[in-house]
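K.L.:
A single structure is presented below for examination.
The values are calculated or read from the model by the stated rules, or taken from the named source; none is laboratory data. None of these values were measured; they are calculated from a predicted model. Glycine gets a Cβ as well: all are built from the backbone with ideal geometry, and neighbour counts include every protein chain shown. Ligands, DNA and RNA are stripped out before the accessible areas are found, and what is left, the full protein with its side chains, is counted by its heavy atoms. Shrake-Rupley method; radii C 1.70, N 1.55, O 1.52, S 1.80 Å.
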Amino acid sequence: MSEMHDTKSRILDVAEELFAERGVDRVSVRDITDAAKVNLAAVNYHFGSKEELIAAVFARRIGPVNQLRIEALDELERSAGGSGLQVEQILEAFIRPTLKVCGSNTPGSATFSRLFGRCIAEPNPELEKLLRKQFQPLIDRMDAALMKALPHLSRSEIFWRTKFMFGAFHYWLLTKDKALPPWAEGVDVEEQTRKLISFAAAGFKAS
């Protein structure tokens, strides 16, 4: 790894950690440069501004996951030959790539999960706009697939059910290994994933 790439990655790692601990609004560029042991010129060279640095922190995690999700939908639709997909297939395409890229053993995944959770709990209009832009291609593809799979539902109804599914999915990512009662232990991530898909699919298909 080149020194330049190493510096850029270190800035991203430190910014992600600080944003997760304090919130995006409470972290200055000076906080990041001090913790990363780099000068302001390095941040300006690699990112240009704090806003671009924030965008890069999210794009680094969200981009690869959403690309895999879209590729999974592409493959399913090719295999379906023009027929609509099953709701469970669409949910599988959404959930599996997250576990592949952001699994519990992936460096930085726990930090980014905390950061994403903080962003949901502490809304920021500019950050919401940024995330909407990064997620929009995936949302458009999922909307189209779900409307084809569930033609009796309005686009508004699909939006709300998707929103509730996102909430359940993110909460599960944050808590899947935590505070399990003895009678619920021993359920591995694969089985939890199947349960989540089944639960979410039932919500989409409810009358």
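K.L.:
Quick one: is E77 in contact (Cβ under 8 Å) with a residue 12 or more places away in the chain and open to solvent by 50 Å² or more (accessible area, probe 1.4 Å)?
P.N.:
On the way: in contact (Cβ under 8 Å) with a residue 12 or more places away in the chain: yes; open to solvent by 50 Å² or more (accessible area, probe 1.4 Å): yes.
Answer is yes for this residue.
K.L.:
Being in contact (Cβ under 8 Å) with a residue 40 or more places away in the chain and either crowded, with 16+ Cβ neighbours inside 10 Å or not charged (D, E, K, R) (or both) is the filter here, so list the residues in the stretch 21-45 that pass it.
P.N.:
G23, V24
K.L.:
For the stretch 1-77, list the helices (runs of 4 or more DSSP H) that sit wholly inside it and hold at least 2 residues that are charged (D, E, K, R); which are they? Can you show your working first?
P.N.:
Values: elements: 3-22, 29-36, 40-46.
Because the criterion is at least 2 residues that are charged (D, E, K, R), the helices (runs of 4 or more DSSP H) in the stretch 1-77 that meet it are 3-22, 29-36.
K.L.:
Take G63 and tell me if it is open to solvent by 40 Å² or more (accessible area, probe 1.4 Å) and over 22 Å from A200 (Cα atoms).
P.N.:
On the way: open to solvent by 40 Å² or more (accessible area, probe 1.4 Å): no; over 22 Å from A200 (Cα atoms): yes.
Answer is no for this residue.
K.L.:
Of all residues being among the polar types (S, T, N, Q) and open to solvent by 30 Å² or more (accessible area, probe 1.4 Å) in the stretch 156-183, which is nearest to R141 (Cα to Cα)? Just the residue, please. Before the answer, list the steps.
P.N.:
So in the stretch 156-183, the residues among the polar types (S, T, N, Q) come out as 156, 162, 175.
Keeping just the survivors that are open to solvent by 30 Å² or more (accessible area, probe 1.4 Å) gives 156, 175.
Working: S156: 15, T175: 28 Å.
Taking the candidates together, the pick is S156.
K.L.:
Please indicate, with yes or no, whether at least one residue in the stretch 184-199 is modelled with pLDDT under 90 and either open to solvent by 100 Å² or more (accessible area, probe 1.4 Å) or within 17 Å of the chain's Cα centre (by Cα) (or both).
P.N.:
Taking every residue of the stretch 184-199 in turn, at least one turns out to be modelled with pLDDT under 90 and either open to solvent by 100 Å² or more (accessible area, probe 1.4 Å) or within 17 Å of the chain's Cα centre (by Cα) (or both).
K.L.:
I'm checking my understanding of the structure. Among residues of the stretch 85-112 that are under 20 Å from T162 (Cβ atoms) and at pLDDT below 85, which one is least open to solvent (accessible area, probe 1.4 Å)?
P.N.:
Our first condition is that a residue be under 20 Å from T162 (Cβ atoms); within the stretch 85-112, this holds for 85-99, 102.
Applying the additional criterion that residues be at pLDDT below 85 yields 98-99, 102.
Details: T98: 9, L99: 39, C102: 34 Å².
That would be T98.
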